[in-house]
Structure formats: structure tokens, C-alpha cells
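Worksheet for the structure shown next.
Each reported figure results from applying straightforward, stated rules to the coordinates on display, with no laboratory input. If you're wondering where the values come from, they're calculated on a predicted model, not measured in any experiment. Using ideal geometry, Cβ is built from the backbone for each residue, glycine included, and neighbour counts are taken over all protein chains shown.
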Amino acid sequence: MTMAGYDIFDILVGRGDEKKPVIVQGITGSYGSTHTRLMKAYGTNIAAGVTPGKGGQSFEGIPVYNGMAEAVKATGAQISGIFVPAQFFLGAAMDALDAGIKLLVAIPEHVPIRDSIKVIEHAKSKGARMVGPNTAGVIVPEVMKVGIMPAQPFKRGNTVVFSRSGTLMYEVSYNLSNRGYGQRLCLGIGGDPINGTNLIEAFDLVRNRPDVDSVVVVGEIGGDAEEQLADYIIRTSFSKPVVAYIAGRAAPKEKRMGHAGAIVYGNYGSAESKVANYAKASVPVAKRPAEVPELLAQKMRR
């Protein structure tokens, strides 16, 4: 069980690899429609879409509703992918949670921090969880995906990848797949300073799962998420092999590098700080993505 009272794995695929229904919010927009096609082609069960004012229409055979209450009632879905622009995110997220959605995958970037905090608090009050915002989404390789990640890098297996960077999640997973380390789940933490599911909560999801034998965590400079995670690994005696990669080692201090969460002030949030803390937790840190499977192989042999 997780801090939110349920297991994201169970919400995504049940006890096996059930094709759980998914609702896409913003399905008729250019962004939502493009990724709906890709998710559906991957095998995801897109049961409905929601666009206010477009109720009664359909998108490539998928019924469209005006609001989430109608869509949830018709489909029984507990998963929603939000593809609306940032200024509409708060309303869309609240609509989903009030309708009974338990896993909210928040794709938009540039969501105001106050809006993210409101949604996270509301999700907790509803016994639900948000992934993101500013996330590539979640994928159970060869089963389903809710997000914007390409399909090609991911292969099914027993390693889990948690990543603050979308692009690097793809690259690291590609290197793992090529070396025979398929993935059971890949989850984008999100690049914002406030995350609906942080690294520690993500690790809690897999610590007792028998179908997960190792974890790869892809971090970035900025913030203290990796430092807190290292402390968690030590404090809770996390037993599964863990390997890390940190992006932005060469970035100049006090300059934001792409993500709102990737900024370093002095030594706070620096790559050196993160590597040092991971060393205390016996987590090796790759210098480049291609090294990740090599370090994982060494860790798995111990």
C-alpha cells in the first residue's frame, strides 16, 4: 500500500496485465488527439475523452463527454491523462478527482505551483494520486502507456525506472532494453519543483513487489530530491539494487537548465551533493546513460 492508500500498479493493470480503461482530458485538442492515437496504437484502452462543449461527439470511435462525471459513470475508469493547456489544468484536475479518478497523469508544463499544490491536496483528500505535472507519463511496457513517451525504447522486464527527465527516461530505458534489462514500469516524476508523486513515494510503490528486481533512478541537478531519496534508502534499508544517473553535471551554477526544478544555488542541489549522498547509500551513479546497464549488472551480481 502507498501513502495514498493504494498501489499505482493495481490502478494501472490490476493483479495481472488487465487493460484498465483510461480517459483522456483534452482529447480533441491537437496535443491530446495526437497522443491519444499513439496511446491507442500501443494497446492502451482509451475508453473515453472529455472536452467541455464537445459532448456527444466521438474521436476515432472514442466517445467524447462534456465532463468527467459523465465519462467516469459511462466507463468506470479510474485513470485519467490530462492533455489540456496549463491554464485549464486546475479545473480539469479537480473535475477528474471529484468524479472518482484515482490516478491522474498530468502532462502539461508551466502549471502554476499554487495550482499543483491545490490538486495534490485535493487528491490526498480523495485517496487519489497525481503523477506530474510536466511529466512524460507512465508506461507498463508492452501493456499500456498514459503519456507522451515513444514506444520504441521500452521492453518488458523487471526493472523499474523513475525519472525526473522525460527525454532521459527514454534514453536510459533504451540502453537498459538493449542490454536485456526490460522494465516493469517507467514513471516520469516530472520536471517541476512540486511533484504529485515524488521519488520517495515512487520507491514505496515497488519496495515489496516480487515482480520488480531493481530500480534505476534518473535525476537532475537542482532541488534536494536525490539527497532525500538517499537518506530514505539508508533509513528504510531499501533492499532492491538501485543505480542512478544525474543529468546536468556540467551545468553552470544558478542557471536554470530546462526544468523549473533544475537550478543550483551554491552547493545546494549540485551534482556533487547528489553523488556524495548516493555514495553513502551505496547507489552507484553513471556518468552517461550508456553506463547504467553496466552498473546495474555489477549491482545485481553482488
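Its Cα gyration tensor gives segment 125-177 an equivalent ellipsoid, and the semi-axes of that ellipsoid, as √(5λ) in whole Å with the largest first, are 21, 13, 10.
Between the listed residues 188, 151, 46, the Cα displaced farthest toward the positive end of the dipole of the chain, a dipole computed from Cβ unit charges relative to the Cα centre, is found at 151. Placing one equal scatterer on every Cα of segment 1-156 and applying the Debye formula, the log10 ratio I(q)/I(0) at q = 0.11 Å⁻¹ is -0.37. Entry note, segment 152-301: relative contact order of 25 percent, from Cα contacts under 8 Å with a spacing of 6+ residues. Karplus-derived 3J(HN,Hα) values for segment 240-247, using 6.51 cos²θ - 1.76 cosθ + 1.60 with θ = phi - 60°, are 6, x, 10, 10, 10, 9, 10, 8 Hz; glycine and proline are entered as x. Looking at segment 152-301, the DSSP beta bridges with both ends there are about 5 percent antiparallel. Sequence-distant contacts, meaning Cα pairs under 8 Å at least 6 residues apart, place the relative contact order of the chain at 13 percent. Counted over the chain, the DSSP beta bridges are approximately 20% antiparallel.
Rounded to the nearest 20 debye, the dipole size of the chain about its Cα centre is 500 debye, using +1 on the Cβ of Lys and Arg and -1 on the Cβ of Asp and Glu. Modelled spin-label separation between residue 121 and residue 301, with each label point placed 7 Å from Cα along the Cα-to-Cβ direction: 5.2 nm. Panel order for 156, 301, by other beta carbons found within 10 Å of each beta carbon, from fewest to most: 301, 156. Direction-averaged projected area, Cα convex hull, the chain: 14.3 nm², rounded to one decimal. Coordinate range of the alpha-carbon atoms in segment 152-301 per principal axis, descending: 40, 35, 29 Å. Within segment 170-237, the ratio Rg/Rh, alpha carbon atoms throughout and Rh by Kirkwood, equals 0.96. With contacts taken as Cα pairs under 8 Å at a separation of at least 6 residues, segment 87-228 carries a relative contact order of 23 percent.
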